[in-house]
Amino acid sequence: MISTQKVTKTVSTSEGELQILQPISFEVKAGESVAIVGASGSGKSTLLGLLAGLDEVSSGEIYLNDEGLHNMNEEARARLRGEKVGFIFQSFMLVQSLTAIENVMLPAEIAGLKDAKARAKTILEQVGLSHRAHHYPNQLSGGEQQRVAVARAFINQPKILFADEPTGNLDAANSEKIEQLLFKMNQELGTTLILVTHDSKLAKRCQRQLNMQGGALTETTSSDTATEQGA
Ligand SMILES: Nc1ncnc2c1ncn2[C@@H]1O[C@H](COP(=O)(O)OP(=O)(O)OP(=O)(O)O)[C@@H](O)[C@H]1O
Ligand SMILES: [Mg+2]
């Protein structure tokens, strides 16, 4: 489903070139759930943006379903994102001029689905926000905006869902609600789940854990976890 080979990301800054990601190679099978953990500033969001085709690699190769993202221009990547990818941004990225329900409907309308509004209503109910459907983002709390962003990522039932700290702004009850929705989609629809989280409990609910450290990615094996638990 996802395959990367020696992917790097370097950006130009006023102090020169900054390498954010060291060469990263890994594979994710269809239907897997994978958590990416690591310190703030280690490169997790950067990697997620590259995997989802939101940003361009500096070198290396990324394949989504055998389609080479690294060879595509923005237009082709946008098409692929529309067809296959859902993304929950760390900073939500809601459209400020649209209400909650209009934000959720947007990907379905772009995809030409006739039942966009009915779908949006159902998902808003699932994230506990029916009573805020007609509020604009600046009339919503941080956690409410996050749940709108989750609902928007779900509406087209994407093949791959990328979630950057999907529960970072939520209380325990709402976190649990969102986690249940994520894993339900993973199990019932076979959605591949790649999520970034600082919550070790959520990370452990995923089948695999990857650890980002200074732009380098390593897999945490179950024996590492056993050592941690033994310590
Ligand atoms: N466009 C850019 N120009 C310069 N530096 C950047 C750019 N984008 C990211 N960085 C730097 O790259 C590093 C990795 O950023 P990234 O957002 O991927 O971290 P993160 O692991 O998601 O952190 P957090 O857990 O705080 O969200 C950071 O030090 C950041 O300042
Ligand atoms: Mg981040």
Point-charge dipole on Cβ atoms (K/R +1, D/E -1) for region 115-217, about Cα centre, debye to 20: 220 debye
Using the crude model of +1 on Lys and Arg Cβ and -1 on Asp and Glu Cβ, and no other charge, please compute the dipole size for the chain relative to its Cα centre, in debye to 20. 620 debye
Selection of trypsin sites (Lys or Arg not before Pro), region 50-146, meeting DSSP coil and at most 14 other Cβ within 10 Å: K114
Residues whose built amide H sits under 5 Å from the amide H of I155, excluding neighbours closer than 5 in sequence, are none
Kindly rank 135-141, 14-20 from highest to lowest mean number of other beta carbons found within 10 Å of each residue. 135-141, 14-20
Explain nothing, just the number: dipole magnitude of region 66-187 about its Cα centre with +1 on each Lys and Arg Cβ and -1 on each Asp and Glu Cβ, in debye rounded to the nearest 20. 340 debye
What residue among G112, I62, A78 has its Cα farthest toward the positive end of the dipole of region 46-178, where the charges are +1 on Lys, Arg and -1 on Asp, Glu, each on the Cβ? G112
Give the separation of the Cα centroids, region 1-75 to region 93-125, in Å. 28 Å
Any idea how many Lys pairs in region 5-125 come in under 25 angstrom at the alpha carbon, given 8 or more places apart or on separate chains? 12
Over the chain, with the other protein chains present, what is the accessible area per residue in square angstrom, probe 1.4 angstrom? 49 Å²
Among trypsin sites (Lys or Arg not before Pro) in region 1-44, those in a DSSP loop whose Cβ has at most 14 other Cβ atoms within 10 Å are K29
Quick one: Debye curve from the alpha-carbon atoms of the chain only, equal weights, vacuum; give me log10 I(q)/I(0) at q = 0.10, 0.13, 0.15, 0.16 Å⁻¹ to two decimals. -0.46, -0.79, -1.04, -1.16
For L21, what residues show an amide H to amide H distance below 5 Å, using hydrogens built from the backbone and excluding near sequence neighbours? K9
If you roll a 1.4 angstrom probe over the protein chains with everything in place, what fraction of the accessible area of the chain belongs to carbon and sulfur, to the nearest %? 48 percent
Stokes-Einstein D for region 1-85, Kirkwood Rh over Cα pairs, 37 °C, 0.692 mPa s (µm²/s): 243 µm²/s
Using a 1.4 angstrom probe on the protein heavy atoms only, could you order S200, S45, S175 from most to least accessible area? S200, S45, S175
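The values are calculated or read from the model by the stated rules, or taken from the named source; none is laboratory data. As the structure is a prediction and not an experimental result, all values here were calculated from the model. Glycine also receives a Cβ, built like all others from the backbone with ideal geometry; neighbour counts cover every protein chain displayed. Each accessible area value is taken on the protein alone, full model and side chains, heavy atoms only, with ligands, DNA and RNA left out. Shrake-Rupley method; radii C 1.70, N 1.55, O 1.52, S 1.80 Å.
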